[in-house]
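First the structure, in the form of structure tokens, and then the observations on it.
The values are calculated or read from the model by the stated rules, or taken from the named source; none is laboratory data. Just so we're clear, the structure is a prediction, and the values are computed from it rather than from any experiment. Neighbour counts are summed over all protein chains in view; Cβ atoms, including those assigned to glycine, are modelled from backbone coordinates with ideal geometry.
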Amino acid sequence: MDENLKNMRHSGAHLLASSVQRLFPKVKLAIGPAIDYGFYYDFDFGDEKITPDDFERIESEMKRQKKMKYEFEKIEMRIVDAKRFLKDTNQPYSLSILEDIESKGSSIKEEMDERNKLTENSIVTFYKSGEFINLCRGGHVKSFAEIGEFKILSLAGAYFRGDEHNPMLTRIYVACFNTKEELDEFIKLREEQKQRDHRVLGEKLGIFMFSDEVGAGLPLLLPNGEILKHNLVELMRKYETESGYKYVSTPVLTREELYIKSGHANYYKDDMFSFVNSEGERFYIKPMNCPHHHMIFKKLVDSYRDLPLRLAEAGSVYRNELSGTLTGLIRFLGPITQNDAHIYCREDQLENEFVSVIDLFEKVFNIFGMTGYSYRLSLPDFSKNKYGGDKDEWERVSNIIRKVMVSTKRNFFEESGEAAFYGPKIDVQYKNVNGKEDTIATFQVDILVPRRMGIVYINEMGKEEYPVIIHRAILGAYERFIGFLLEKTGGEFPFWIAPEQVRILTLNDGLVQYAKSIKDILDNISLSSPIEGNRVRSSIDHRNESIQKKIKEGLNSKVPLLIIIGDRESKEGTISIRKNNVTETMKLSMLEKYIISLSD
């Protein structure tokens, strides 16, 4: 983000906080950073309630204060005085931030070296605008008058500093741009994005639903959703089998001891569902398939001649997520049906296997026309010690991944703190319709678990050796990929995977038999598609409704092809086909050839 734009948006956050504080005098302030399209601010309204109905008066107050042209005045205070001021003005969240700054030895004062130890006499900065004073590092425009065009967008709940153990605050999001034209264009785009939100489309197109009786974060796939998932599973099974993967199936329940051995219980215990059975033994509901596949490796592999071994599974897992983070099919509790696989290989096979994984990923994503993703080399943050094994080993394997990415000319960037505990990985990042970056696929090299779990093979010298393991998920979770696909296509799926591909519409009740004869033809057409045995999925709409209404409903349901028949078509053996808002008439005998051409 341009520094001037960032400063303008951060200044807008002050304007919002000042206006809210004037309208709600008891409000407690937290933080308000600039973001990609504007800014937000977190507030504690206590017993007072705020709703979208309050947006108009907050905006009016913001505009009033903007006209007052309040300038940003820098105020320096000793920490001891700043703490007293924040206590006197009843701002516990700002006080908490200040105490955290003090304890960690960093400073809001820009000129201070963050390595210096702070004392009560160290200086921190506040900024004053009119009557509003806020603890702040700085980075502002000259006055409120220089803040551009803005519009309040939404409310959300947010834990203070992102910690679920802290109070839940109210976050107000505001769009802010230099000009009204830019703001209007953003609002227009945002409305279009809302229509492509997979949660909206999923309900509209009968893909999935949620039920309070079932529970939050537990999606129910409807018939159309199950068709999508089935076709995706079949697609990956075909390609993976052709690439030498062997499919397995593992149970959803697992004894605690297995996850203690693998290390998952130590690192992810809070994210795992568990229970104790009637005999006092603790079980976990499977959060990942890895340890189970490792047990299968021990059964199938003896020597180096058995490698590489590629195991795949469409395995369902469950993960405990905070209710505030749940997002449709993108983030949920389960069942998360992973397009999961583990490749066990010798170290001299690692580079070729890693290249093959990326090649398969790009082959699959090209089928769906999905572009705009990026590769991230996710590394540990060694300063936080959230990794296992030897640091030198991590760096050696990270260099192997770098070599693969560079030699195959794949653009990538690196980020620390994103690796799992057992090895570096490539994460494939993709922005959803709301501009948020999600991980849609992962390819990870495991350098720790083979040693921890005693996973070995006999090498050429007759000695035990640890294999290298690649954990990979091309489509990630099938359900999550359906969410991505909904947003990318707007529900207009490629013909071969569309849940309902053809709908036959009749003008009157007397045409039911002709409609059935058309459906019989459709039912026996084998499509040209990435999966085998894919036949046409069709339906007949012979309700006593106007043809205009039937067409509108077919279009709203995103059915790729509508066949419209009346008395003339029945007598002449023809059909009227509507596709992409274009209608043409053809002989019924040409239907099979036409349908196959759509799926080529």
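Taking the criterion of being touching a His at 6+ places or on another chain (Cβ under 8 Å) and more than 23 Å from Met168 (Cα to Cα), the only residue of the range 9-43 that qualifies is Ser11. Of all residue pairs spaced 6 or more apart or on separate chains, those with beta-carbon atoms under 9 Å, a first member in the range 146-162 that is in the same structural domain as Lys49 (by TED's automatic domain parsing) and closer than 29 Å to Asp100 by Cα and a second member that is surrounded by fewer than 17 Cβ atoms within 10 Å (Cβ to Cβ) and of a type in the set (Gly, Ala, Ser) are Ala156/Gly324; Gly157/Gly324; Ala158/Gly324; Tyr159/Gly324; Phe160/Ser96; Arg161/Ser96.
Taking Gly263 as the residue in question, decide whether it is within 30 Å of Tyr457 (Cα to Cα) and in contact with a Gly (Cβ under 7 Å, 6 or more places away or on another chain). Criteria met by Gly263.
Is it fair to say Lys49 is basic (Lys, Arg), surrounded by fewer than 16 Cβ atoms within 10 Å (Cβ to Cβ) and either outside the structural domain of Ala145 (by TED's automatic domain parsing) or farther than 27 Å from Asp163 by Cβ (or both)? So Lys49 does not fit the description; no. Screening His293 against (1) under 23 Å from Tyr344 (Cα atoms); (2) surrounded by fewer than 21 Cβ atoms within 10 Å (Cβ to Cβ); (3) touching a residue at least 40 places away in the same chain (Cβ under 8 Å) leaves a single unmet condition, (2).
If you go through the range 127-172 and keep only what is among the basic types (Lys, Arg) and not in a loop (DSSP other than H, G, I, E, B), you end up with Lys128, Lys151, Arg161, Arg171.
Residues in the range 374-413 that are modelled with pLDDT under 90 and not polar (S, T, N, Q): 17 in all.
The residue list Ile497, Ile518 contains one member that is outside the structural domain of Asp438 (by TED's automatic domain parsing), within 20 Å of Gly225 (Cα to Cα) and not aromatic (Phe, Trp, Tyr), which is Ile497.
Checking Ser517, Ser539, Ser570, Ser599 one by one, the residue that is within 26 Å of Val364 (Cα to Cα) and among the small types (Gly, Ala, Ser) is Ser599 and no other. Screening Ala477 against (1) surrounded by fewer than 16 Cβ atoms within 10 Å (Cβ to Cβ); (2) modelled with pLDDT of 85 or more leaves a single unmet condition, (1). Just wondering, is there one or more residues in the range 6-20 that are charged (D, E, K, R) and closer than 16 Å to Val141 by Cβ? Within the range 6-20, one or more residues are charged (D, E, K, R) and closer than 16 Å to Val141 by Cβ. Does at least one position in the range 255-265 carry a residue that is within 25 Å of the chain's Cα centre (by Cα) and in contact (Cβ under 8 Å) with a residue 24 or more places away in the chain? Looking through the range 255-265, at least one residue is within 25 Å of the chain's Cα centre (by Cα) and in contact (Cβ under 8 Å) with a residue 24 or more places away in the chain. Just one residue in the set Lys69, Lys49, Lys26, Lys83 is under 24 Å from Ile123 (Cα atoms), basic (Lys, Arg) and out of contact with any Pro (no Cβ under 7 Å at 6 or more places or on another chain); that residue is Lys83.
Meeting the requirement of 1 or more residues that are touching a residue at least 40 places away in the same chain (Cβ under 8 Å), the strands (runs of 3 or more DSSP E) wholly within the range 459-565 are 468-477, 502-506, 561-565.
Does at least one position in the range 571-581 carry a residue that is farther than 22 Å from Ser526 by Cα, part of a strand (DSSP E or B) and either touching a helix residue (DSSP H, G or I) at 6+ places or on another chain (Cβ under 8 Å) or without any contact (Cβ under 8 Å) to a residue 60 or more places away in the chain (or both)? No, every residue in the range 571-581 fails to be farther than 22 Å from Ser526 by Cα, part of a strand (DSSP E or B) and either touching a helix residue (DSSP H, G or I) at 6+ places or on another chain (Cβ under 8 Å) or without any contact (Cβ under 8 Å) to a residue 60 or more places away in the chain (or both). If the condition is being part of a strand (DSSP E or B) and within 20 Å of Glu500 (Cα to Cα), then the range 582-600 contributes Val582, Thr583. When the criteria are applied in full, Leu95 meets the requirement of being closer than 28 Å to Ile152 by Cα and out of contact with any Pro (no Cβ under 9 Å at 6 or more places or on another chain). Annotation: of all residues in the range 55-96 being of a type in the set (Val, Ile, Thr) and surrounded by fewer than 18 Cβ atoms within 10 Å (Cβ to Cβ), the one that is nearest to Ala145 (Cα to Cα) is Ile75. Selection of the range 236-287 for residues being among the small types (Gly, Ala, Ser) and either within 24 Å of Arg310 (Cα to Cα) or not in a strand (DSSP E or B) (or both) yields Ser243, Gly244, Ser249, Ser262, Gly263, Ala265, Ser278, Gly280. Every condition in (1) among the charged types (D, E, K, R); (2) at pLDDT 95 or above; (3) loosely packed, with under 14 Cβ neighbours inside 10 Å is met by Asp348 except one, and the failing one is (2).
Scan the range 122-131 and give yes if some residue there is surrounded by 14 or more Cβ atoms within 10 Å (Cβ to Cβ), closer than 28 Å to Lys69 by Cβ, touching a residue at least 40 places away in the same chain (Cβ under 8 Å) and under 32 Å from the mean Cα position of the chain (by Cα), otherwise no. The answer is no; no qualifying residue exists.
Under the condition of being under 29 Å from Tyr466 (Cα atoms), part of a helix (DSSP H, G or I) and hydroxyl-bearing (Ser, Thr, Tyr), the residues counted in the range 314-371 number 1. Restricting attention to the range 434-449, does a residue exist that is under 30 Å from Gly554 (Cβ atoms), under 20 Å from the mean Cα position of the chain (by Cα) and surrounded by fewer than 22 Cβ atoms within 10 Å (Cβ to Cβ)? Within the range 434-449 (the criterion being under 30 Å from Gly554 (Cβ atoms), under 20 Å from the mean Cα position of the chain (by Cα) and surrounded by fewer than 22 Cβ atoms within 10 Å (Cβ to Cβ)), the answer is yes, since at least one residue qualifies.
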